[in-house]
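Asks: Okay, here's the structure, questions in a sec.
The values are calculated or read from the model by the stated rules, or taken from the named source; none is laboratory data. Computed from a predicted structure; not experimentally measured. Don't worry about glycine lacking a Cβ; one is built from the backbone with ideal geometry, like all the others, and counts go over all protein chains shown. Accessible surface is based on the protein model in full, side chains and every heavy atom, while ligands, DNA and RNA are left aside. Shrake-Rupley method; radii C 1.70, N 1.55, O 1.52, S 1.80 Å.
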Amino acid sequence: MRVIVDEDRCVASGQCVMTAADVFDQREEDGIVVLLDPKPHRGLHDEVHNAVMLCPAGAIRVQEES
Amino acid sequence: MRDQNLETPTTLPIRRDPACPFDPPPELTRLGESQPLTRLAFPDGHVGWLVTGYDAARAVLSDPRFTARPELKHSPLPRPNVRPGGHDKPPAPGWFAGMDRPEHTRYRRLLTGQFTVRRMKALEPHIARITADQLDAMAAAGPPADLVQAFALPIPSLVICELLGVPYGDHAFFEEQTTVVVNMDSTEAQAMTATGNLSGYLNDLVRQKRARPTDDLLSSLITESDLTDEELTNIALLLLVAGHETTANMLALGAFALLQHPHQLAAFRADTALTETAVEELMRYLTIVHLATPNRAASADVEVGGQIIRKGETVVMGLPAVNRDPGQFADPDALRLDRTDARHHLAFGHGVHQCLGQQLARIEMRIAYRALFDRFPTLCLAVPAAEIPMREASFVYGVWQLPVTWEQA
Ligand code: HEM
Ligand code: SF4
(Lines give C-alpha, C1' and ligand atoms only; values in the text may rest on other atoms or scores of the structure.)
(Ligands and ions follow the chains in the order given, each with its own letter.)
Protein backbone atom coordinates (compact mmCIF):
# COMPACT_ATOMS: atom_id res chain seq x y z
CA MET A 1 0.00 0.00 0.00
CA ARG A 2 1.17 3.50 -0.85
CA VAL A 3 -0.42 6.45 1.01
CA ILE A 4 -0.71 9.88 -0.62
CA VAL A 5 -1.85 13.03 1.18
CA ASP A 6 -2.88 16.35 -0.32
CA GLU A 7 -1.87 19.21 1.97
CA ASP A 8 -3.86 21.75 -0.03
CA ARG A 9 -7.10 19.89 0.53
CA CYS A 10 -6.46 19.10 4.21
CA VAL A 11 -8.61 21.08 6.69
CA ALA A 12 -6.69 19.91 9.77
CA SER A 13 -9.56 17.98 11.34
CA GLY A 14 -7.19 15.55 13.04
CA GLN A 15 -9.38 12.56 12.11
CA CYS A 16 -6.46 10.71 10.48
CA VAL A 17 -4.23 11.18 13.54
CA MET A 18 -7.01 9.79 15.76
CA THR A 19 -7.37 6.81 13.46
CA ALA A 20 -3.80 5.88 12.49
CA ALA A 21 -1.28 7.73 14.66
CA ASP A 22 1.61 5.66 13.29
CA VAL A 23 0.92 6.87 9.78
CA PHE A 24 -0.33 10.45 10.17
CA ASP A 25 0.59 13.46 12.24
CA GLN A 26 -0.27 17.17 12.14
CA ARG A 27 2.07 20.11 11.56
CA GLU A 28 2.67 22.10 14.71
CA GLU A 29 1.95 25.53 13.21
CA ASP A 30 -1.26 24.94 11.27
CA GLY A 31 -2.43 21.38 11.95
CA ILE A 32 -2.03 20.27 8.33
CA VAL A 33 -1.46 16.56 7.79
CA VAL A 34 2.07 15.13 7.91
CA LEU A 35 2.61 11.70 6.39
CA LEU A 36 4.85 9.75 8.78
CA ASP A 37 4.84 6.49 6.86
CA PRO A 38 3.98 6.39 3.14
CA LYS A 39 4.30 2.60 3.03
CA PRO A 40 2.68 1.30 6.23
CA HIS A 41 2.95 -2.39 7.00
CA ARG A 42 -0.01 -4.69 6.50
CA GLY A 43 -1.11 -4.51 10.13
CA LEU A 44 -1.94 -0.82 9.67
CA HIS A 45 -3.91 -1.11 6.44
CA ASP A 46 -7.33 -1.25 8.09
CA GLU A 47 -6.59 1.89 10.06
CA VAL A 48 -5.45 3.68 6.92
CA HIS A 49 -8.58 2.69 4.99
CA ASN A 50 -10.63 3.97 7.90
CA ALA A 51 -8.74 7.27 7.82
CA VAL A 52 -9.50 7.62 4.10
CA MET A 53 -13.23 7.24 4.92
CA LEU A 54 -13.13 9.61 7.88
CA CYS A 55 -11.09 12.38 6.28
CA PRO A 56 -13.67 15.12 5.75
CA ALA A 57 -11.71 16.77 2.96
CA GLY A 58 -10.83 13.84 0.71
CA ALA A 59 -7.17 14.60 1.33
CA ILE A 60 -5.95 10.99 1.73
CA ARG A 61 -5.64 8.41 -1.05
CA VAL A 62 -4.12 4.95 -1.16
CA GLN A 63 -2.68 3.01 -4.06
CA GLU A 64 -2.66 -0.71 -3.59
CA GLU A 65 0.53 -2.39 -4.74
CA SER A 66 0.84 -6.07 -5.34
CA MET B 1 -37.50 5.90 -9.19
CA ARG B 2 -40.23 8.30 -8.18
CA ASP B 3 -40.11 11.80 -9.56
CA GLN B 4 -39.99 13.84 -6.39
CA ASN B 5 -40.62 17.06 -8.27
CA LEU B 6 -44.24 15.94 -8.52
CA GLU B 7 -44.63 15.40 -4.79
CA THR B 8 -45.92 17.93 -2.30
CA PRO B 9 -42.87 19.27 -0.47
CA THR B 10 -42.67 18.68 3.26
CA THR B 11 -41.93 21.31 5.89
CA LEU B 12 -38.97 20.81 8.22
CA PRO B 13 -39.96 18.30 10.95
CA ILE B 14 -39.32 19.75 14.42
CA ARG B 15 -41.70 18.09 16.91
CA ARG B 16 -40.30 15.18 18.84
CA ASP B 17 -42.21 12.45 20.63
CA PRO B 18 -42.18 13.51 24.32
CA ALA B 19 -41.94 9.84 25.31
CA CYS B 20 -38.70 9.42 23.28
CA PRO B 21 -36.66 12.60 23.85
CA PHE B 22 -33.49 11.05 22.40
CA ASP B 23 -35.03 10.00 19.10
CA PRO B 24 -35.29 12.25 16.03
CA PRO B 25 -38.68 13.83 15.26
CA PRO B 26 -40.86 10.86 14.14
CA GLU B 27 -41.69 12.66 10.90
CA LEU B 28 -37.97 13.02 10.09
CA THR B 29 -37.45 9.31 10.71
CA ARG B 30 -40.41 8.48 8.51
CA LEU B 31 -39.04 10.58 5.64
CA GLY B 32 -35.67 8.88 5.97
CA GLU B 33 -37.24 5.45 5.65
CA SER B 34 -38.41 5.99 2.09
CA GLN B 35 -35.70 8.08 0.40
CA PRO B 36 -32.35 9.80 1.05
CA LEU B 37 -33.59 13.23 -0.10
CA THR B 38 -37.02 14.83 0.15
CA ARG B 39 -38.35 18.05 -1.35
CA LEU B 40 -38.52 20.68 1.39
CA ALA B 41 -40.78 23.75 1.49
CA PHE B 42 -39.19 26.89 2.93
CA PRO B 43 -41.19 29.66 4.67
CA ASP B 44 -40.22 32.16 1.92
CA GLY B 45 -41.76 29.98 -0.78
CA HIS B 46 -38.51 28.38 -1.93
CA VAL B 47 -38.56 24.65 -2.58
CA GLY B 48 -35.27 22.91 -1.76
CA TRP B 49 -34.22 19.61 -0.24
CA LEU B 50 -33.97 17.79 3.09
CA VAL B 51 -31.26 15.12 3.32
CA THR B 52 -31.87 12.11 5.56
CA GLY B 53 -29.51 9.56 3.96
CA TYR B 54 -25.92 9.12 5.16
CA ASP B 55 -24.27 8.83 1.73
CA ALA B 56 -26.23 11.77 0.35
CA ALA B 57 -25.23 13.98 3.31
CA ARG B 58 -21.55 13.12 2.82
CA ALA B 59 -21.86 13.78 -0.90
CA VAL B 60 -23.36 17.25 -0.40
CA LEU B 61 -21.05 18.34 2.42
CA SER B 62 -17.88 17.28 0.60
CA ASP B 63 -18.79 18.72 -2.82
CA PRO B 64 -17.37 22.21 -3.55
CA ARG B 65 -20.34 22.89 -5.86
CA PHE B 66 -22.39 23.41 -2.70
CA THR B 67 -21.79 26.80 -1.11
CA ALA B 68 -22.04 27.78 2.57
CA ARG B 69 -22.56 31.48 1.77
CA PRO B 70 -25.57 32.84 3.69
CA GLU B 71 -26.76 35.19 0.94
CA LEU B 72 -27.19 32.24 -1.43
CA LYS B 73 -29.16 30.08 1.00
CA HIS B 74 -32.81 30.13 2.07
CA SER B 75 -33.73 29.60 5.71
CA PRO B 76 -35.85 26.50 6.35
CA LEU B 77 -37.18 28.06 9.56
CA PRO B 78 -39.39 31.12 9.97
CA ARG B 79 -36.77 32.57 12.31
CA PRO B 80 -33.39 32.24 10.59
CA ASN B 81 -30.24 31.54 12.55
CA VAL B 82 -28.92 35.07 13.06
CA ARG B 83 -25.33 35.87 12.07
CA PRO B 84 -23.23 39.00 12.33
CA GLY B 85 -23.94 41.05 9.23
CA GLY B 86 -27.33 39.37 8.68
CA HIS B 87 -28.44 35.89 7.65
CA ASP B 88 -29.16 36.86 4.02
CA LYS B 89 -26.09 39.03 3.43
CA PRO B 90 -22.55 38.00 2.45
CA PRO B 91 -20.66 36.65 5.48
CA ALA B 92 -19.23 39.32 7.77
CA PRO B 93 -15.40 39.55 7.60
CA GLY B 94 -13.92 36.65 9.58
CA TRP B 95 -17.19 34.65 9.73
CA PHE B 96 -15.59 31.74 7.88
CA ALA B 97 -18.39 29.27 8.69
CA GLY B 98 -20.28 31.06 5.90
CA MET B 99 -17.45 31.14 3.37
CA ASP B 100 -16.15 28.81 0.68
CA ARG B 101 -12.64 27.95 -0.47
CA PRO B 102 -10.24 29.71 -0.82
CA GLU B 103 -11.54 32.50 1.45
CA HIS B 104 -12.57 29.96 4.09
CA THR B 105 -9.17 28.22 3.97
CA ARG B 106 -7.27 31.38 4.75
CA TYR B 107 -9.14 31.99 8.02
CA ARG B 108 -9.42 28.37 9.08
CA ARG B 109 -5.66 27.83 8.69
CA LEU B 110 -4.93 30.71 11.04
CA LEU B 111 -6.73 28.70 13.74
CA THR B 112 -6.16 25.01 13.07
CA GLY B 113 -2.70 24.97 14.65
CA GLN B 114 -4.40 25.75 17.97
CA PHE B 115 -6.80 22.78 17.77
CA THR B 116 -4.61 19.84 16.78
CA VAL B 117 -4.94 16.44 18.42
CA ARG B 118 -1.61 17.00 20.20
CA ARG B 119 -2.46 20.48 21.49
CA MET B 120 -5.79 19.30 22.81
CA LYS B 121 -4.19 16.29 24.52
CA ALA B 122 -1.84 18.70 26.28
CA LEU B 123 -4.90 20.45 27.74
CA GLU B 124 -6.13 17.24 29.40
CA PRO B 125 -4.71 17.85 32.91
CA HIS B 126 -6.06 21.37 32.86
CA ILE B 127 -9.57 20.28 31.79
CA ALA B 128 -9.48 17.52 34.39
CA ARG B 129 -8.76 20.11 37.08
CA ILE B 130 -11.56 22.42 35.91
CA THR B 131 -13.92 19.43 35.94
CA ALA B 132 -12.85 18.30 39.41
CA ASP B 133 -13.36 21.83 40.76
CA GLN B 134 -16.92 21.94 39.42
CA LEU B 135 -17.74 18.50 40.82
CA ASP B 136 -16.23 19.45 44.21
CA ALA B 137 -18.43 22.53 44.33
CA MET B 138 -21.48 20.45 43.38
CA ALA B 139 -20.71 17.89 46.10
CA ALA B 140 -20.12 20.61 48.67
CA ALA B 141 -23.45 22.27 47.91
CA GLY B 142 -25.17 18.89 48.30
CA PRO B 143 -28.14 17.39 46.45
CA PRO B 144 -30.22 18.19 44.53
CA ALA B 145 -28.42 20.06 41.75
CA ASP B 146 -29.17 21.25 38.25
CA LEU B 147 -26.55 19.42 36.21
CA VAL B 148 -26.69 22.07 33.48
CA GLN B 149 -25.65 24.90 35.80
CA ALA B 150 -23.36 22.87 38.08
CA PHE B 151 -21.53 20.81 35.46
CA ALA B 152 -22.46 20.94 31.78
CA LEU B 153 -22.29 24.69 31.17
CA PRO B 154 -19.36 25.85 33.35
CA ILE B 155 -16.83 23.28 32.11
CA PRO B 156 -16.85 24.17 28.37
CA SER B 157 -17.38 27.85 29.20
CA LEU B 158 -14.28 27.93 31.40
CA VAL B 159 -12.25 26.00 28.85
CA ILE B 160 -13.10 28.17 25.85
CA CYS B 161 -12.73 31.38 27.89
CA GLU B 162 -9.22 30.46 28.98
CA LEU B 163 -8.25 29.32 25.50
CA LEU B 164 -9.54 32.45 23.80
CA GLY B 165 -8.66 34.86 26.57
CA VAL B 166 -12.21 35.92 27.48
CA PRO B 167 -12.64 36.78 31.20
CA TYR B 168 -14.76 33.98 32.71
CA GLY B 169 -16.21 36.52 35.14
CA ASP B 170 -18.43 37.61 32.24
CA HIS B 171 -19.83 34.13 31.58
CA ALA B 172 -23.35 34.90 32.82
CA PHE B 173 -23.54 37.67 30.21
CA PHE B 174 -22.41 35.68 27.19
CA GLU B 175 -24.26 32.52 28.16
CA GLU B 176 -27.49 34.50 28.43
CA GLN B 177 -26.94 36.26 25.10
CA THR B 178 -26.05 32.97 23.38
CA THR B 179 -29.24 31.37 24.67
CA VAL B 180 -31.26 34.18 23.08
CA VAL B 181 -29.44 33.72 19.77
CA VAL B 182 -29.97 29.96 19.50
CA ASN B 183 -33.50 29.82 20.91
CA MET B 184 -36.02 29.94 18.08
CA ASP B 185 -38.64 31.22 20.49
CA SER B 186 -36.83 34.53 20.64
CA THR B 187 -37.75 36.91 17.82
CA GLU B 188 -35.35 37.81 15.05
CA ALA B 189 -35.02 41.31 16.54
CA GLN B 190 -34.11 39.85 19.95
CA ALA B 191 -31.58 37.52 18.38
CA MET B 192 -30.05 40.41 16.41
CA THR B 193 -29.76 42.51 19.56
CA ALA B 194 -28.11 39.65 21.44
CA THR B 195 -25.65 39.10 18.57
CA GLY B 196 -24.91 42.84 18.61
CA ASN B 197 -24.31 42.74 22.37
CA LEU B 198 -21.87 39.84 22.01
CA SER B 199 -20.06 41.56 19.12
CA GLY B 200 -19.76 44.82 21.06
CA TYR B 201 -18.34 42.99 24.05
CA LEU B 202 -15.80 41.04 21.99
CA ASN B 203 -14.84 44.09 19.97
CA ASP B 204 -13.88 45.88 23.21
CA LEU B 205 -11.91 42.84 24.27
CA VAL B 206 -10.02 42.74 20.95
CA ARG B 207 -9.04 46.40 21.38
CA GLN B 208 -7.84 45.78 24.94
CA LYS B 209 -5.73 42.85 23.81
CA ARG B 210 -4.26 44.80 20.92
CA ALA B 211 -3.08 47.34 23.48
CA ARG B 212 -1.93 44.72 26.02
CA PRO B 213 -1.51 41.21 24.57
CA THR B 214 -1.82 38.31 27.02
CA ASP B 215 -1.08 34.61 26.67
CA ASP B 216 -4.11 33.34 24.75
CA LEU B 217 -5.45 32.56 21.28
CA LEU B 218 -6.96 35.98 20.64
CA SER B 219 -3.73 37.78 21.58
CA SER B 220 -1.60 35.53 19.39
CA LEU B 221 -3.98 36.06 16.46
CA ILE B 222 -3.61 39.81 16.99
CA THR B 223 0.16 39.78 17.13
CA GLU B 224 0.86 37.07 14.53
CA SER B 225 -1.65 37.89 11.78
CA ASP B 226 -2.81 41.00 9.94
CA LEU B 227 -6.49 40.53 10.78
CA THR B 228 -8.62 43.64 11.34
CA ASP B 229 -10.53 44.25 14.58
CA GLU B 230 -13.77 43.39 12.78
CA GLU B 231 -12.39 40.05 11.55
CA LEU B 232 -11.00 39.25 15.00
CA THR B 233 -14.31 40.10 16.65
CA ASN B 234 -16.27 37.79 14.35
CA ILE B 235 -13.76 34.96 14.73
CA ALA B 236 -13.93 35.33 18.51
CA LEU B 237 -17.73 35.32 18.35
CA LEU B 238 -17.80 32.16 16.25
CA LEU B 239 -15.39 30.36 18.60
CA LEU B 240 -17.04 31.54 21.80
CA VAL B 241 -20.58 30.60 20.77
CA ALA B 242 -19.65 27.35 18.98
CA GLY B 243 -17.23 26.47 21.77
CA HIS B 244 -19.47 26.54 24.84
CA GLU B 245 -23.04 26.05 23.70
CA THR B 246 -22.58 22.79 21.78
CA THR B 247 -20.34 20.97 24.24
CA ALA B 248 -22.51 22.10 27.17
CA ASN B 249 -25.56 20.53 25.57
CA MET B 250 -23.72 17.32 24.79
CA LEU B 251 -22.58 17.03 28.41
CA ALA B 252 -26.06 17.50 29.86
CA LEU B 253 -27.99 15.50 27.26
CA GLY B 254 -25.36 12.75 27.30
CA ALA B 255 -25.62 12.46 31.10
CA PHE B 256 -29.42 12.30 30.80
CA ALA B 257 -29.19 9.58 28.13
CA LEU B 258 -26.78 7.52 30.23
CA LEU B 259 -29.01 7.81 33.30
CA GLN B 260 -31.91 6.55 31.18
CA HIS B 261 -29.88 3.56 29.91
CA PRO B 262 -28.76 1.91 33.17
CA HIS B 263 -27.19 -1.15 31.51
CA GLN B 264 -25.09 1.01 29.24
CA LEU B 265 -24.15 3.24 32.16
CA ALA B 266 -23.10 0.22 34.23
CA ALA B 267 -20.90 -0.96 31.34
CA PHE B 268 -19.42 2.53 31.00
CA ARG B 269 -18.61 2.66 34.72
CA ALA B 270 -17.08 -0.79 34.72
CA ASP B 271 -14.73 -0.26 31.77
CA THR B 272 -12.57 2.82 31.25
CA ALA B 273 -11.55 1.44 27.83
CA LEU B 274 -15.08 2.29 26.70
CA THR B 275 -14.65 6.05 27.11
CA GLU B 276 -13.69 6.94 23.54
CA THR B 277 -16.29 4.88 21.70
CA ALA B 278 -18.90 5.92 24.28
CA VAL B 279 -18.34 9.58 23.45
CA GLU B 280 -18.61 8.90 19.70
CA GLU B 281 -21.76 6.84 20.19
CA LEU B 282 -23.37 9.54 22.32
CA MET B 283 -22.50 12.07 19.60
CA ARG B 284 -24.14 9.83 16.98
CA TYR B 285 -27.16 8.85 19.03
CA LEU B 286 -27.94 12.37 20.27
CA THR B 287 -26.82 14.49 17.25
CA ILE B 288 -27.39 17.83 18.97
CA VAL B 289 -26.82 19.95 15.83
CA HIS B 290 -30.26 18.75 14.85
CA LEU B 291 -32.18 21.45 13.12
CA ALA B 292 -31.68 23.40 9.90
CA THR B 293 -27.88 23.05 9.98
CA PRO B 294 -25.65 22.22 8.25
CA ASN B 295 -27.15 23.66 5.07
CA ARG B 296 -25.76 24.55 1.66
CA ALA B 297 -26.92 25.93 -1.69
CA ALA B 298 -26.14 24.36 -5.06
CA SER B 299 -24.03 26.61 -7.31
CA ALA B 300 -24.61 24.24 -10.26
CA ASP B 301 -26.96 21.38 -11.11
CA VAL B 302 -25.66 18.39 -9.11
CA GLU B 303 -26.87 14.81 -8.95
CA VAL B 304 -27.09 13.41 -5.42
CA GLY B 305 -28.71 10.11 -4.44
CA GLY B 306 -30.43 9.79 -7.84
CA GLN B 307 -31.96 13.27 -7.71
CA ILE B 308 -30.92 16.38 -9.59
CA ILE B 309 -30.43 19.31 -7.25
CA ARG B 310 -30.83 22.44 -9.37
CA LYS B 311 -28.55 25.44 -9.20
CA GLY B 312 -29.82 27.83 -6.52
CA GLU B 313 -31.66 25.22 -4.44
CA THR B 314 -30.94 25.08 -0.71
CA VAL B 315 -30.16 21.69 0.82
CA VAL B 316 -30.66 21.09 4.55
CA MET B 317 -29.09 18.16 6.39
CA GLY B 318 -31.35 16.28 8.79
CA LEU B 319 -28.39 15.02 10.81
CA PRO B 320 -30.43 13.11 13.44
CA ALA B 321 -31.82 10.92 10.63
CA VAL B 322 -28.48 10.77 8.79
CA ASN B 323 -26.78 9.41 11.92
CA ARG B 324 -29.43 6.73 12.24
CA ASP B 325 -29.36 5.60 8.63
CA PRO B 326 -29.70 1.79 8.85
CA GLY B 327 -27.64 1.50 5.66
CA GLN B 328 -24.68 2.85 7.63
CA PHE B 329 -25.26 1.86 11.26
CA ALA B 330 -26.61 -1.53 12.34
CA ASP B 331 -29.56 -1.31 14.75
CA PRO B 332 -29.25 2.50 14.58
CA ASP B 333 -31.86 3.39 17.22
CA ALA B 334 -30.00 1.51 19.96
CA LEU B 335 -27.48 3.30 22.17
CA ARG B 336 -24.52 0.91 22.18
CA LEU B 337 -21.46 2.42 23.79
CA ASP B 338 -19.16 -0.24 22.33
CA ARG B 339 -20.23 0.42 18.73
CA THR B 340 -16.90 0.32 16.90
CA ASP B 341 -17.99 2.34 13.86
CA ALA B 342 -19.73 5.09 15.84
CA ARG B 343 -16.99 7.51 14.76
CA HIS B 344 -18.40 7.51 11.25
CA HIS B 345 -21.22 9.77 12.51
CA LEU B 346 -21.61 13.20 10.91
CA ALA B 347 -22.50 15.00 14.15
CA PHE B 348 -19.42 17.23 13.68
CA GLY B 349 -20.36 17.73 10.02
CA HIS B 350 -18.28 16.69 7.01
CA GLY B 351 -16.27 18.43 4.31
CA VAL B 352 -14.16 21.55 4.72
CA HIS B 353 -16.38 22.97 7.48
CA GLN B 354 -16.16 19.88 9.68
CA CYS B 355 -15.99 21.11 13.26
CA LEU B 356 -12.82 23.03 14.05
CA GLY B 357 -13.22 22.31 17.77
CA GLN B 358 -13.93 18.58 17.49
CA GLN B 359 -10.72 17.44 19.22
CA LEU B 360 -11.36 19.86 22.06
CA ALA B 361 -14.99 18.77 22.41
CA ARG B 362 -13.95 15.10 22.45
CA ILE B 363 -11.44 15.61 25.24
CA GLU B 364 -13.89 17.63 27.30
CA MET B 365 -16.57 14.96 26.96
CA ARG B 366 -14.21 12.06 27.72
CA ILE B 367 -12.97 13.71 30.88
CA ALA B 368 -16.28 15.14 32.06
CA TYR B 369 -18.54 12.06 31.67
CA ARG B 370 -15.93 9.84 33.30
CA ALA B 371 -15.36 12.23 36.22
CA LEU B 372 -19.08 12.81 36.79
CA PHE B 373 -20.02 9.15 37.10
CA ASP B 374 -16.89 8.30 39.13
CA ARG B 375 -17.52 11.07 41.56
CA PHE B 376 -21.26 10.42 42.00
CA PRO B 377 -21.86 6.63 41.90
CA THR B 378 -25.49 7.02 42.98
CA LEU B 379 -26.40 9.89 40.65
CA CYS B 380 -30.01 9.82 39.45
CA LEU B 381 -32.71 12.15 38.18
CA ALA B 382 -34.45 14.20 40.86
CA VAL B 383 -37.68 14.44 38.84
CA PRO B 384 -39.46 12.04 36.48
CA ALA B 385 -37.80 11.96 33.04
CA ALA B 386 -40.97 13.27 31.41
CA GLU B 387 -40.58 16.54 33.34
CA ILE B 388 -37.13 17.36 31.93
CA PRO B 389 -37.57 20.41 29.64
CA MET B 390 -36.14 19.59 26.22
CA ARG B 391 -34.60 22.17 23.84
CA GLU B 392 -36.74 21.13 20.91
CA ALA B 393 -36.98 24.66 19.47
CA SER B 394 -33.31 25.48 19.69
CA PHE B 395 -30.63 25.27 17.01
CA VAL B 396 -28.72 23.07 19.44
CA TYR B 397 -30.68 20.21 21.03
CA GLY B 398 -30.35 19.38 24.71
CA VAL B 399 -32.06 20.03 28.03
CA TRP B 400 -32.81 23.40 29.62
CA GLN B 401 -32.36 21.90 33.09
CA LEU B 402 -31.38 18.51 34.48
CA PRO B 403 -32.30 18.16 38.17
CA VAL B 404 -30.28 15.34 39.72
CA THR B 405 -29.73 13.95 43.20
CA TRP B 406 -27.41 11.45 44.90
CA GLU B 407 -26.75 9.80 48.24
CA GLN B 408 -24.28 11.73 50.34
CA ALA B 409 -21.37 9.72 51.69
C1 HEM C 1 -19.98 18.48 21.01
C2 HEM C 1 -19.70 19.67 20.63
C3 HEM C 1 -19.78 20.19 19.21
C4 HEM C 1 -20.62 19.85 18.17
C5 HEM C 1 -21.73 18.82 18.17
C6 HEM C 1 -20.22 20.67 17.03
C7 HEM C 1 -20.81 20.57 15.78
C8 HEM C 1 -20.38 21.26 14.65
C9 HEM C 1 -20.87 21.06 13.31
C10 HEM C 1 -21.97 20.08 12.90
C11 HEM C 1 -20.19 21.91 12.48
C12 HEM C 1 -20.35 22.03 10.95
C13 HEM C 1 -21.28 23.12 10.51
C14 HEM C 1 -21.46 23.15 9.00
O15 HEM C 1 -20.94 22.31 8.26
O16 HEM C 1 -22.17 24.06 8.52
C17 HEM C 1 -19.28 22.65 13.31
C18 HEM C 1 -18.43 23.65 12.86
C19 HEM C 1 -17.66 24.44 13.70
N20 HEM C 1 -17.43 24.24 15.05
FE21 HEM C 1 -18.21 22.80 16.20
N22 HEM C 1 -19.20 21.49 17.41
C23 HEM C 1 -18.89 21.24 18.72
C24 HEM C 1 -17.89 21.84 19.48
C25 HEM C 1 -17.13 22.90 19.07
C26 HEM C 1 -16.12 23.55 19.88
C27 HEM C 1 -15.71 23.17 21.30
C28 HEM C 1 -15.63 24.57 19.14
C29 HEM C 1 -14.58 25.53 19.64
C30 HEM C 1 -13.62 25.97 19.08
C31 HEM C 1 -16.30 24.55 17.84
C32 HEM C 1 -16.09 25.42 16.78
C33 HEM C 1 -16.58 25.26 15.50
C34 HEM C 1 -16.25 26.14 14.38
C35 HEM C 1 -15.36 27.35 14.42
C36 HEM C 1 -16.94 25.63 13.25
C37 HEM C 1 -16.91 26.19 11.82
C38 HEM C 1 -15.81 25.48 11.06
C39 HEM C 1 -15.68 25.90 9.60
O40 HEM C 1 -16.60 26.51 9.04
O41 HEM C 1 -14.62 25.60 9.01
N42 HEM C 1 -17.20 23.52 17.85
N43 HEM C 1 -19.39 22.23 14.62
S1 SF4 D 1 -8.28 13.63 8.24
FE2 SF4 D 1 -7.97 14.72 6.30
S3 SF4 D 1 -8.49 16.84 6.74
FE4 SF4 D 1 -8.22 15.84 8.71
S5 SF4 D 1 -6.07 16.23 9.27
FE6 SF4 D 1 -6.13 14.26 8.22
S7 SF4 D 1 -5.77 14.72 6.07
FE8 SF4 D 1 -6.28 16.66 7.06
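Asks: Under 14 Å from B:GLN359 (Cβ atoms), within 14 Å of chain B (Cβ to nearest Cβ) and within 9 Å of the chain's Cα centre (by Cα), is that true of A:GLN26?
Replies: no
Asks: Evaluate segment A:15-23: report whether one residue or more is at the interface with chain B (Cβ under 10 Å from one of its Cβ atoms), in a helix (DSSP H, G or I), among the β-branched types (Val, Ile, Thr) and surrounded by 13 or more Cβ atoms within 10 Å (Cβ to Cβ). Break it down stepwise before answering.
Replies: Filtering segment A:15-23 for residues at the interface with chain B (Cβ under 10 Å from one of its Cβ atoms) gives A:15-19, A:21.
Keeping just the survivors that are in a helix (DSSP H, G or I) gives A:15-19.
Of the ones still in play, those that are also among the β-branched types (Val, Ile, Thr) are A:17, A:19.
Within this subset, residues satisfying the condition of being surrounded by 13 or more Cβ atoms within 10 Å (Cβ to Cβ) are A:17, A:19.
Yes: one or more hits.
Asks: Here is a follow-up. Condition test on B:VAL206, is it modelled with pLDDT of 95 or more and in contact with a Ser or Thr (Cβ under 8 Å, 6 or more places away or on another chain)?
Replies: Yes; evaluated as a whole, the condition is true for this residue.
Conditions tested, residue by residue: (1) within 16 Å of ligand 1 (Cβ to nearest atom); (2) among the small types (Gly, Ala, Ser); (3) within 21 Å of B:ALA347 (Cα to Cα).
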site: A:SER13; (1), (2), (3): yes, yes, yes
site: A:CYS16; (1), (2), (3): no, no, yes
site: A:PHE24; (1), (2), (3): no, no, no
site: A:GLU28; (1), (2), (3): no, no, no
site: A:LEU36; (1), (2), (3): no, no, no
site: A:HIS41; (1), (2), (3): no, no, no
site: A:VAL48; (1), (2), (3): no, no, no
site: A:MET53; (1), (2), (3): no, no, yes
site: A:ALA59; (1), (2), (3): yes, yes, yes
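Asks: Any residue in segment B:378-406 that is at positive phi sitting within a Cβ distance under 7 Å of a residue that is surrounded by 16 or more Cβ atoms within 10 Å (Cβ to Cβ) and among the hydrophobic types (A, V, I, L, M, F, W, C)? List the pairs, counting only those 6 or more apart or interchain.
Replies: Qualifying pairs under 7 Å: B:GLY398/B:ALA252; B:GLY398/B:LEU253; B:GLY398/B:ILE288.
Asks: For B:ASP23, are the conditions met, namely being surrounded by 14 or more Cβ atoms within 10 Å (Cβ to Cβ), charged (D, E, K, R), assigned to a loop (DSSP other than H, G, I, E, B) and at pLDDT 95 or above?
Replies: Considered against the rule, which asks whether it is surrounded by 14 or more Cβ atoms within 10 Å (Cβ to Cβ), charged (D, E, K, R), assigned to a loop (DSSP other than H, G, I, E, B) and at pLDDT 95 or above, B:ASP23 comes out as yes.
Asks: Follow-up question, since we're still on this one. Between B:LEU240, B:LEU253, which is closer than 30 Å to B:PHE376 by Cα, more than 16 Å from ligand 2 (Cβ to nearest atom) and at pLDDT below 95?
Replies: On the way: B:LEU253 fails: at pLDDT below 95.
Every option except B:LEU240 fails the conditions.
Asks: Now for a different question. Considering only residues of segment A:24-54 that are among the aliphatic types (A, V, I, L, M) and either open to solvent by 40 Å² or more (accessible area, probe 1.4 Å) or part of a strand (DSSP E or B) (or both), which is nearest to ligand 2 (Cβ to nearest atom)?
Replies: Within segment A:24-54, the match that is nearest to ligand 2 (Cβ to nearest atom) is A:VAL33.
Asks: Same structure, new question: Which helices (runs of 4 or more DSSP H) sit wholly inside segment B:133-227 and have at least 1 residues that are farther than 28 Å from B:TYR369 by Cα and among the charged types (D, E, K, R)?
Replies: Per the criteria, B:188-211, B:217-224.
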